[in-house]
1. Trp115 versus (1) in contact (Cβ under 8 Å) with a residue 60 or more places away in the chain; (2) within 20 Å of the chain's Cα centre (by Cα): which is the lone unmet condition?
2. Failed condition for Ile316, given (1) farther than 27 Å from Glu240 by Cα; (2) open to solvent by less than 20 Å² (accessible area, probe 1.4 Å); (3) within 16 Å of the ligand (Cβ to nearest atom); (4) at pLDDT 90 or above, with all others met?
3. Report whether or not Ser220 is open to solvent by 10 Å² or more (accessible area, probe 1.4 Å), within 13 Å of the ligand (Cβ to nearest atom) and in a helix (DSSP H, G or I).
4. Restricting attention to the stretch 276-304, and to residues there that are surrounded by fewer than 18 Cβ atoms within 10 Å (Cβ to Cβ) and over 20 Å from the mean Cα position of the chain (by Cα), which single residue is modelled with the lowest pLDDT?
5. Among the residues of the stretch 340-362, count how many are free of Cβ contacts under 8 Å to residues at least 24 places away in the same chain and either aliphatic (A, V, I, L, M) or touching a strand residue (DSSP E or B) at 6+ places or on another chain (Cβ under 6 Å) (or both).
6. Going by the conditions given, is Cys110 away from the ligand (no atom under 16 Å from the Cβ), open to solvent by less than 60 Å² (accessible area, probe 1.4 Å) and at pLDDT 95 or above?
7. Among Phe417, Phe402, which is the only one that is surrounded by fewer than 20 Cβ atoms within 10 Å (Cβ to Cβ), farther than 27 Å from Gly257 by Cα and within 13 Å of the ligand (Cβ to nearest atom)?
8. Taking only the stretch 20-47 into account, find how many residues are part of a loop (DSSP other than H, G, I, E, B) and away from the ligand (no atom under 14 Å from the Cβ).
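The values are calculated or read from the model by the stated rules, or taken from the named source; none is laboratory data. Just so you know, these numbers come straight off a predicted model, no measurement behind them. Heads up, the Cβs are rebuilt from the backbone with ideal geometry, glycines too, and the neighbour counts pull from every protein chain shown. For accessibility, only protein heavy atoms count, side chains too; no ligands or nucleic acids. Shrake-Rupley method; radii C 1.70, N 1.55, O 1.52, S 1.80 Å.
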Amino acid sequence: MTVLPNKYMKELRLFPVTKLSGVVAHIANFVPKWTYTELMVKSNVHFRVLLNKLTPEVPKHLDIAKKELEYGWARDMPQPEDWTEVDIQEVLRMCVARMSAKIFLGEPACRNLEWLRLSINFSIDLFACAFLLRKVPSFLHPIVAPILPLRWRVARHLKRAQVIIGPLMERHRECVRRREAGEEVEEEDTLLNWMMDNGTETENKLEEMASRQTILTLASIHTTSMAVSNLLFDLCANPEWFPVLMEEIAEIEKDLGKLGERPDVGAKQWLPRLEKMDSAFVESLRLNPPLLPDIQTVASQRQAMVDITLKDGTHIPAGTRLACAKADFVYDDPATFSIFDPMRSHRKRYQTGELTKHLAGIPEKDYLHFGYGRQACPGRYFAVGEVKMMMLKLLDQFEFRFPEGRGRPKSFHADEFTFLDPRAKLVMRRRRVPCDKCGRC
Ligand code: HEM
């Protein structure tokens, strides 16, 4: 991997995917030839749907996802009256899986426990399979890969995905046929339907679509649920910030009621008001990015698809794996850079007057946890909304702390990925002590 200084970031971000490809670089990490992921670089309907359908309609899809979150909350979220140890990571993964399934596939898949479990476990098996293969020299892959049980599991998930997604595709085709015949047909507005309507013939083959939907769960579920877990862990390690965020929620509720209470107020009006929560999320993601080895090194991997010469004459031959060294606005002050300071971005916005910058979901040269440039994470605005909706409910309904004798779990790194310790739990109970200040905590 060639690592360029951060000063090149602004120039590199403008290159199209045909010249400098993020997806080719990311998928290369999964040993695509042997993990059924090659289709992700052959065409990009998964990227187009997020950019052209999800992003312009994020508030609408967040409102839809919110309803599914309510449905899942009643089933998945423990409601302990007394302090009880809970595998909060597992619960949050299920909440995110439900929301993702609702907007991507709709009903009945989003209520189908087999799909929900598959969408969570697929990523775990695929990561494990790719890691194992990466430890083996590539000339041995043709011998090792076919006998790898993890790879058989990945293949089984993809086959089952076809069984679940096939009827959804057939249902949409039937709706289109009836509509063309002049009938009025009601249909759920899902990303799958958009992908079918806008996909090529190959992209619309069941095997392709089912694999693509399954691989999309990898990008959307663990990243988002891990972000919420990390923020909760950071707050438990710095509990003085719980009341600050609760107070912000209480103030918004005074104006707008609880999220979902008023028919004229949805995610669009409510969630941007959570400015302190946004700042805490930015800070937590800065300290716990999902895709980079650690907070000081590189960001936005790319593969040069053609020879490239930069403005200062730097030559990048085709085939080069590339990343940029990260800069960070706190690097100027090394004393504070590893400290969790949840109001860092909030202060920066108000001190500089740059109120539309330094927000979660707005990539900047100094804030790269959703990537950078044209190829930055296409699901980021939806992800930020999901994180806020879950945090809102968690803080509103529960109190959290670490189990006795334990502190903030450490993340660990495997190549370019960062993972939370899967054994890390929290102790929680239903919130019950009213607070003098805000009447809630
Ligand atoms: C907190 C949650 C999330 C984080 C931190 C995150 C982070 C990232 C990062 C760093 C990248 C690479 C960008 C680059 O190379 O410049 C990426 C790519 C991607 N993300 Fe996200 N992401 C999150 C949630 C989501 C969600 C919810 C979706 C879908 C709804 C999604 C879909 C994708 C896709 C499809 C790509 C690959 C795009 C391509 O083909 O190049 N992500 N994400």
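1. (1)
2. Answer for Ile316: the failing condition is (3).
3. yes
4. Restricting to residues being surrounded by fewer than 18 Cβ atoms within 10 Å (Cβ to Cβ) and over 20 Å from the mean Cα position of the chain (by Cα), the top hit is Gln296.
5. Number of matching residues: 2.
6. no
7. Answer to the selection: Phe417.
8. Qualifying residue count, the stretch 20-47: 2.
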